[in-house]
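Report on one structure; see the data block that follows.
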């Protein structure tokens, strides 16, 4: 009888406790033990992103890149977010505790927590940051085959080194919201990049040969749809409609497709779903139901309506297409590095969901290649590299539209998938330039 | 520093009786030194002093009272010292933990002080037991009196009782809450020893079974599910010891399972417990909260614990009573927690040895009943914490805060000592 008790205790302590104690309900994970030197944070190549230095006998946290990784690294003073908060425990976890404590007693060596090696590439991040050039928005780059996050930028941002002093100001700045991680928590209407999902829903339902004649404007019952600048695209098949991002085509398509298929496709691509990302993020929203008005169906099909997505989500969707229809679980921490150089808790790539079949993904890929070859994404062209992409201009009430661009490259055997959103850019071209430079750097 | 406490408890299993007492003393002094240093509070010093006096005085008192002449030889025996040491160690660990949990409270509010006082009362009463049992010579024949008083006590709880922690189990007398079921438990084991003192016929089994079933039902109605289970299992175990009849035992267990299923369907509060037991993480913000918090305590700081005062054990529900084990695991380490479980096991093993070491049938059954009851109760609360079984609100004997529990447990141990001494030849005891 008591053997059972001891067995359960043993089992919990040695097998289950590691997973359980990081539960956010466990307020102990926020404890800061000032006797322990917090581990460092490195990028995938060993570049130091966060370290602890001793000043006047006090341990202080120092960030060699004060603003470029702000939201990702996060903080635990004032508020709690990012890696510093969510991995607080690991950063203060003493590997070989008894040994370290003994050494401390005898040799007075400091107690060192585990360091973290991220999936992020600092060089790429700096390029992305520079490309964003102080405009409001977000960039997320993922390696499609593994789900590793190669870069994550959000602007406006804040200075990690002076955060404690600046706290009163940054935490109340509701105009810029610098503390908001726009890459994972910024919810924006997707605009035309949503057509990826509309098109896939149609292809999956055998409607890949839908054709339509676009005259620049169309009226369906009581709602009217216009193409960008009222351009009349003429006779269109799906490939052309996608390449030129024709609104009226997709509106007509959606009406033929019906609510259910569009809803299903969106959910397959993780709208209203948990994204299994270990840091803070918002769940992308899709509110269309079979009881919605027809006008909402139309608006939704072109990425307007009440649909909201994040850069992280769109990067994941793009990765899914790049990866034969499989979306991998996104992660940003590769493994822990102990004080004596051992690797622990290595995160392995895992499949999050199969969003679509690999045949459909291939069809979508060739459509996305056309976007860059002859469609709305020609600004993103790079000599010698085949890029697959989709542009988006998301209307926002009375302000300038947001500019979206999602892409992956090389189109066959992709190494990187990028999602860029620029607030109030007016069009997708600035986003295309950013993505192009990032891809160039990543593949170059 | 945390390794020192581990050393104390591990060494405890390997040394002789006198060294064990030294280890307990060392534990007490080490722990309170840390607590005094951390709190710089006069109340902690008072508690340290009071519990130290208790420990030492109780030790001498126990030795004195239990020292008797063995009639068949000229030797003296001193009661079952190892049994007493186990209890003393548990008591000390308990008081230290309670002090730690209420370290910032003023003296009047301190649970540790109250617990120390209750122990003092309990041990005094325990030492009076041999005298009482001497006077009531033929206590094993008082079957009906036990039944009567038990029913009286339980009914009075139902009528006058106040709800605490979701169960109606406490009666307030002169401002002190008093858990009647603890005393009924003692009467109950005496009853069982009495009714089965000769190998029972079916009539006796049916009568005792009905009486037990009544108690169980009354307890279920007053939502003391743990208590109900304890009575039932104790009955089953003593019945088996008295009759050796495995069929009866199995039949009892099967009907209990059926009853449990029925209860699950009928009573929402049982469903809540079962949900929390099956998957505390899914219901973490509702039914599973208490259990989840317990797991955090046990798991966060590893097998060596956070160190006394360095953890966050108060981030738990009912931590001075039901969940006290997790607080100990958090700060002293889960390895220490495991050793603590072994300490209980050791105590129960000694108890069973006493049960089997006596030739007097009713004494043997009495001891069996006592040990079964305590062991099952310990199993119930530890199992509940670790999700082996659904959580029930019973106390961890000698460690959880609770005057009635302390007095009752010490009294039971006193009876065991008495049986032991009797069996070793101390007929005049």
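The values are calculated or read from the model by the stated rules, or taken from the named source; none is laboratory data. Everything numeric here is computed off the predicted structure, so don't read it as measured data. With ideal geometry, Cβ positions are generated from the backbone for all residues, glycine too; neighbour counts draw on all protein chains shown.
Worth a mention:
- Scan of the stretch A:78-107 for residues that are modelled with pLDDT of 85 or more and at positive phi, ordered by number: A:82
- Residue within the stretch B:143-155 that is out of contact with any strand residue (DSSP E or B) (no Cβ under 6 Å at 6 or more places or on another chain), closer than 21 Å to residue B:413 by Cα and modelled with pLDDT of 80 or more present: no
- When residue A:31 is tested against (1) within 28 Å of residue B:283 (Cα to Cα); (2) at pLDDT 75 or above; (3) surrounded by 14 or more Cβ atoms within 10 Å (Cβ to Cβ), exactly one condition is not met: (2).
- Residues located in the stretch B:178-214, provided they are in contact with a strand residue (DSSP E or B) (Cβ under 8 Å, 6 or more places away or on another chain) and surrounded by fewer than 20 Cβ atoms within 10 Å (Cβ to Cβ): B:178
- Hits in the stretch B:284-301 - residues which are more than 7 Å from chain A (Cβ to nearest Cβ) and either crowded, with 17+ Cβ neighbours inside 10 Å or within 23 Å of the chain's Cα centre (by Cα) (or both): B:287, B:288, B:290, B:291, B:293, B:294, B:297, B:301
- A single member of A:275, A:297, A:279 is outside any loop (DSSP other than H, G, I, E, B), touching a helix residue (DSSP H, G or I) at 6+ places or on another chain (Cβ under 8 Å) and surrounded by 15 or more Cβ atoms within 10 Å (Cβ to Cβ), and it is A:297.
- In the set A:323, A:345, only one residue is out of contact with any helix residue (DSSP H, G or I) (no Cβ under 6 Å at 6 or more places or on another chain) and crowded, with 19+ Cβ neighbours inside 10 Å; that residue is A:323.
- Residue identified as surrounded by 17 or more Cβ atoms within 10 Å (Cβ to Cβ) and either modelled with pLDDT of 90 or more or at negative phi (or both) among B:28, B:37: B:28
- Whichever residue in the stretch B:377-399 is at the interface with another protein chain (Cβ under 8 Å from one of its Cβ atoms) and assigned to a loop (DSSP other than H, G, I, E, B) and, among such residues, is surrounded by the most Cβ atoms within 10 Å (Cβ to Cβ): B:386
- Selection count where residues are surrounded by fewer than 18 Cβ atoms within 10 Å (Cβ to Cβ) and within 12 Å of chain A (Cβ to nearest Cβ), scope the stretch B:258-281: 1
- All positions within the stretch A:38-59 that are surrounded by 13 or more Cβ atoms within 10 Å (Cβ to Cβ) and modelled with pLDDT under 90: A:59
- Residue check, residue B:236 modelled with pLDDT of 85 or more, within 14 Å of chain A (Cβ to nearest Cβ) and exposed (fewer than 15 other Cβ atoms within 10 Å of the Cβ): no
- Any hit, the stretch B:345-353, residues being under 26 Å from residue B:8 (Cβ atoms), within 14 Å of chain A (Cβ to nearest Cβ), without any contact (Cβ under 8 Å) to a residue 60 or more places away in the chain and within 13 Å of the chain's Cα centre (by Cα): yes
- Of residues in the stretch A:30-45 being touching a strand residue (DSSP E or B) at 6+ places or on another chain (Cβ under 8 Å), more than 26 Å from residue A:185 (Cα to Cα) and in a loop (DSSP other than H, G, I, E, B), the one nearest to the other protein chains (Cβ to nearest Cβ): A:35
- Residues that are more than 15 Å from residue B:381 (Cβ to Cβ) and more than 11 Å from every other protein chain (Cβ to nearest Cβ), drawn from the stretch B:325-339: B:331, B:332, B:336
- Condition check for residue B:44: under 29 Å from residue B:106 (Cβ atoms), assigned to a helix (DSSP H, G or I) and modelled with pLDDT under 90: yes
- Scanning the stretch A:66-117 for residues that are within 15 Å of residue A:51 (Cβ to Cβ) and assigned to a helix (DSSP H, G or I) yields A:73, A:83, A:84, A:91.
- In the set (1) away from chain B (no Cβ under 14 Å); (2) under 28 Å from the mean Cα position of the chain (by Cα), the condition left unmet by residue A:27 is number (1).
- Single residue of the stretch B:302-324 satisfying the filter (buried (at least 24 other Cβ atoms within 10 Å of the Cβ) and farther than 20 Å from residue B:104 by Cα) that is farthest from the other protein chains (Cβ to nearest Cβ): B:322
- Of all residues in the stretch B:224-243, at least one satisfies being in contact (Cβ under 8 Å) with a residue 24 or more places away in the chain, in a loop (DSSP other than H, G, I, E, B) and within 24 Å of the chain's Cα centre (by Cα).
- Those residues of the stretch A:47-66 which are touching a residue at least 12 places away in the same chain (Cβ under 8 Å) and either in contact with a strand residue (DSSP E or B) (Cβ under 9 Å, 6 or more places away or on another chain) or within 14 Å of another protein chain (Cβ to nearest Cβ) (or both), in sequence order: A:48, A:49, A:50, A:51, A:52, A:59, A:61, A:62, A:63, A:64, A:65
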